[in-house]
Amino acid sequence: MDFSPEDVRSCLEDARYPTSKEDMISIADSNRAPDYFIQRIGTLGRAEFSEPGGVVAELSTSFSSSDLVVYPRLLARSCETSTRAISAGGHGLLDRLRYFMTSTS
């Protein structure tokens, strides 16, 4: 699921930047952000963000388990391609999923 800059501003309304991922989760929870937003923040690779645009950018490239529901054919294609790539000594499944997530959106 994609999040717009407005979603991030609304869910993280009281955030003071730079802020940590843990603080963003706490703020989003107190702002009654949707559970899927809070869970997605928890999956982000960076520990700290200097501004809301960085959060939006990271959310747009991150992968969550909810994406598997939204993109089931993508997952099947990624697994197929990954199996071939792993056999050939290439990228792992997560790298392939990230590649396909960004190339199809």
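Values for this structure:
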read-out: Magnitude of the charge dipole, the stretch 5-61, Cβ model with Lys/Arg +1 and Asp/Glu -1, debye to 20; value: 80
read-out: Gain on full stretching of the segment that runs from residue 50 to residue 29 - 0.36 nm per residue minus C-alpha separation; value: 5.6 nm
read-out: Theoretical FRET efficiency, 1/(1+(r/R0)^6), r = Cβ-Cβ of residue 61 and residue 16, R0 25 Å, to 0.05; value: 0.55
read-out: Dipole of the stretch 4-49 [Lys/Arg +1, Asp/Glu -1 at C-beta], most positive-end residue of 45, 17, 4; value: 45
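Only the coordinates and a few stated rules stand behind these numbers; no lab work does. These numbers come from a predicted model, not from an experiment. Positions of Cβ are generated from backbone atoms using ideal geometry, with glycine treated the same way; all protein chains shown enter the neighbour counts.
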